[in-house]
Amino acid sequence: APSQSVDVDRQIPPSAPVNNEEQGIFRLRMNVEGFQPNDLNVSIRHGRLIVRGKHVIQAQTQLSQRLTTSSIIDHDEDTEPDFVKKEFRRTFVIPTNADVRKAHALYYPQQQLLVVEIPFQNLTMSSQRRNRPVQIRPM
């Protein structure tokens, strides 16, 4: 079975399929710069591969650094921490003959790269579609 790769890097247009004849696998490569494995969620639902990322950085600021004019500031916000949040969701259609039971995801920290691989199955088994989460393994 031919292989399909989807590269989602800065240099390659999103969802650009690349065929790799010898491996018989669907592969998604995604640049996830700024995200750690515990910030990422990979799942398969209704024939789609869904990759989500959510990273929140919270910092408690010193009250002396905030404005103190009580007529302008809501007092509830005085105790609320400042934060920065990055979030994304990408969805990809997977081939009908992909064996979603054998899907796996790898995280390469040096390249900040997420790779999801789903081998192709026998055509006789292609009707067995399942929804499932995909665990991300750090490399």
Study note, to complete from the structure: Picked from the range 99-122 (must be of a type in the set (Val, Ile, Thr) and either on the phi > 0 side of the Ramachandran plot or part of a strand (DSSP E or B) (or both)), the residue surrounded by the fewest Cβ atoms within 10 Å (Cβ to Cβ) is 115
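Kindly establish whether residue 96 is among the hydroxyl-bearing types (Ser, Thr, Tyr), surrounded by 11 or more Cβ atoms within 10 Å (Cβ to Cβ) and modelled with pLDDT under 90.
Details: among the hydroxyl-bearing types (Ser, Thr, Tyr): yes; surrounded by 11 or more Cβ atoms within 10 Å (Cβ to Cβ): yes; modelled with pLDDT under 90: yes.
It is true that residue 96 is among the hydroxyl-bearing types (Ser, Thr, Tyr), surrounded by 11 or more Cβ atoms within 10 Å (Cβ to Cβ) and modelled with pLDDT under 90.
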Exercise for review: Could you tell me which residue of the range 31-52 is farthest from residue 98 (Cα to Cα), considering only residues that are in a loop (DSSP other than H, G, I, E, B) and touching a Gly at 6+ places or on another chain (Cβ under 9 Å)?
Suggested key: 34
Point to revise | Condition met for residue 80 (more than 23 Å from residue 25 (Cβ to Cβ), modelled with pLDDT of 70 or more, out of contact with any helix residue (DSSP H, G or I) (no Cβ under 9 Å at 6 or more places or on another chain) and part of a strand (DSSP E or B)) | key: no
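The values are calculated or read from the model by the stated rules, or taken from the named source; none is laboratory data. Values in this document were obtained by computation on a predicted structure and should not be read as measured data. We place every Cβ from the backbone using ideal geometry, glycine too, and count neighbours over all the protein chains shown.
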